[in-house]
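One structure below.
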Amino acid sequence: MNVDFQGHHSGPGASLLVKQAENVLSILEFFAERQSPATVAELVAHFGWPRSSAFNIVATLAERGYLYEPRARGAYYPTPRWLSLAQAITMAEPVPDALIRVMDRLVEETGETVWIAGASGLHVVVLDVRESPQLIRYAAQVGTRLPIHVTGTGQALLSRMSAAEREGLLRRVRYRAYTANSPTDAATVLAQIDEARARGWFMSASAYSSDLGGVSLPVEVGGRVYAVTVAGPEGRVLPKMPAIGAMIAAAIAEECDGRGDAAGKVNRTARAGR
């Protein structure tokens, strides 16, 4: 059984979504899960959309070459054009090979889910994932967005910004309590970043998603700052956080020419916590 520990939250920004764009993305996700053609009627039944709206979206996508009818019965399926676009985008700025090696190494060493993330405004975006082989695990997905101020991943990225950039960004955040452990003001976020720097690694313990624990470190590769995160069920990860922090630091030091933060400090902290 694959248990998804990721929380999905509706915030003030949810009302700003462009409905038609959201519906196109929903259709893509629908086909990715269904993996077979679907008629307009099936889309209407699944999403509860007006038939005219569903038909207009499907007709537009078909006209642009993004959907086709594999059978002459009005059932549609995405064309390879989506894949071609995704590959072109990915080839322009792929996750560096060094970080791919870091993920592969850490998922084997820790047994937990590992991801690489980057900053995007007030959020972090998961760029690549290696899922834990364990039955109960964190089910992360490429493209997942998380509030930058709440998680260890986001705070690791914030730590590498200039003070002015970091404080300006935190002034724009709309703070809310996703869980009882969520930081709800800029002063708390800044204090947590300072604590993490002193400790040598960044952490999250049910701060955004209940029962999820994670350890993160920032790393700069090719002039861009990324966060490397190992995460899993809180009860399994929390006691091992110092050791996981040491594993992340060692992987970065050996695979990325030591461009992460405080590798020596993390190793000392891990030995002290054993």
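Every read-out reported here was derived from the displayed coordinates using simple, explicitly stated rules and does not represent laboratory data. From a predicted model like this one, the values you see are computed outputs, not experimental measurements. Here the Cβ is made from the backbone with ideal geometry for all residues, glycine too, and neighbour counts use every protein chain on show.
Here are some notes:
- Over segment 14-86: Kirkwood hydrodynamic radius from C-alpha pairwise inverse distances, Å: 12.6 Å
- FRET efficiency estimate (nearest 0.05) - Cβ-Cβ, residue 81 to residue 52, R0 25 angstrom: 0.50
- For the peptides 226-232, 23-29, 94-100, residues were scored by their other Cβ atoms within 10 Å and the scores averaged per peptide; the highest-first order is 226-232, 94-100, 23-29.
- Cα gyration tensor shape for segment 78-195, rounded if a/c is under 1.5, else prolate or oblate: prolate
- Rounded if a/c under 1.5, otherwise prolate or oblate - segment 93-273, Cα gyration tensor axes: rounded
- Working from label points 7 Å from Cα in the Cα-to-Cβ sense, the residue 21 to residue 45 distance is 3.2 nm.
- The amide H of residue 68, built 1.01 Å from its N in the peptide plane, has 77, 79 as neighbours under 5 Å, considering only residues 5 or more places off or on other chains.
- Nitroxide proxy distance, nm - points 7 Å out along Cα→Cβ at residue 134 and residue 186: 3.8 nm
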